[in-house]
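A short worksheet on the structure shown next.
The values are calculated or read from the model by the stated rules, or taken from the named source; none is laboratory data. Bear in mind that the values here come from a model prediction, so they are computed numbers and not experimental data. In this analysis, Cβ positions are derived from the backbone assuming ideal geometry, glycine residues included, and neighbour counts consider all displayed protein chains. The area values use the complete protein model at the heavy-atom level, side chains included, leaving out ligands, DNA and RNA. Shrake-Rupley method; radii C 1.70, N 1.55, O 1.52, S 1.80 Å.
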Amino acid sequence: ALIDSGATLQTGIGAIPNSVAQLLADGPKGDFGIHTEMMVDGIMHLHQAGKITNHKGVYDGFSIATFAAGSKALYEWMHYNPEVRLLPVAQVNDPAIIRLNRKMVSINGALAVDLSGQVMADTLGPRQYSGVGGHELFVIGAHDSEDGKSIICLHSTAMVAGKKVSTIVSALPLGTPVSTPRHHIQYVITEHGVANLGMLTDTERARALADIADPDFRDELCAHA
């Protein structure tokens, strides 16, 4: 619902951003552009569904990325495809270029978000799950784009050592590197709702994030908030 026809899309690594692209491919909206770090199957499906026009304001006429990760069908679709360009990362991930796109929307996953809005997307405690990549750069570029939006999507819980834990946390584990700082974050979404942190105070942010946490952890998080 947050993504309008005519938006320029970036989808990050992980199942959720890829699923969002697939939902858009199956839905009624269109006239999208693609400016993303990683080319994924969901973007291929958007193209195949006729949803991509790439009237985006910069690098018009083709979808851009700097690498691809997906199925064999994705690589076969990309091979000598004039609708796709893989450009140097310095051009693709530059927030000053990203912000020039029409209605830029970044859709990224996360491992956890604390009540201040800090996002942990690549590391959990001492364990590395992913790379930093363009997470923060696309969040900044989308945030600064005219009519742009940055969206962080995550499941409200995860299983750790056989125990259900909340991914909305009062504080990140000691020593955790922050992927994207709180002052850039706009929308955070779980299966329990949407928190728009854009113009909220610190206390309001904490309450908004506690409200989209899993109900089993909500009271504890509200107390912290």
Relative contact order (percent) for the range 21-123, with alpha-carbon contacts under 8 angstrom and 6 or more residues of separation?
23 percent
Can you pull the percent of the range 110-174's accessible area that's carbon plus sulfur, 1.4 Å probe, other chains left in place?
56 percent
How much accessible surface area, in Å² rounded to 10, belongs to the heavy atoms of residue 155 with a 1.4 Å probe?
120 Å²
Heavy-atom surface of the range 13-84, accessible at 1.4 Å and reported per residue (Å²):
46 Å²
In the chain, taking the dipole from +1 charges on Lys and Arg beta carbons and -1 charges on Asp and Glu beta carbons about the Cα centre, the listed residue (119, 145, 75) farthest towards the positive end is 75
Intensity falloff of the range 15-56 expressed as log10 I(q)/I(0), Debye formula with alpha-carbon point scatterers, at q = 0.20, 0.25 Å⁻¹
-0.52, -0.82
Rounded to whole angstroms and listed largest first, the alpha-carbon spread of the range 123-225 along its three principal axes comes to 42, 30, 23
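Would you calculate the convex hull of the Cα atoms in the range 40-91 and tell me its volume per residue in Å³?
Details: hull volume 3.9 nm³, N = 52.
Considering the Cα atoms of the range 40-91, their hull volume per residue is 76 Å³.
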In terms of solvent-accessible area of protein heavy atoms at a 1.4 angstrom probe, what is the ranking of 159, 78, highest value first?
159, 78
Scattering from the C-alpha atoms of the range 49-167 alone, worked out with Debye: what is log10 I(q)/I(0) at q = 0.14, 0.17, 0.21 1/Å?
-0.75, -1.00, -1.26
Calculate the spin-label point distance for residue 49 paired with residue 87, positioning each point 7 Å from the Cα along the beta-carbon direction, and give it in nanometres.
2.5 nm
Computed accessible area, residue 97, all protein chains, 1.4 angstrom probe, square angstrom
40 Å²
Placing +1 at every Lys and Arg Cβ and -1 at every Asp and Glu Cβ, with all other atoms neutral, what dipole size does the range 1-155 have around its Cα centre, in debye to the nearest 20?
120 debye
Considering only protein heavy atoms, with the full assembly of protein chains and a 1.4 angstrom probe, order 59, 129 by accessible area, largest first.
129, 59
Apply 1/(1 + (r/R0)^6) to the Cβ-Cβ distance of residue 160 and residue 5, taking R0 = 45 Å, and write down the FRET efficiency to the nearest 0.05.
0.70
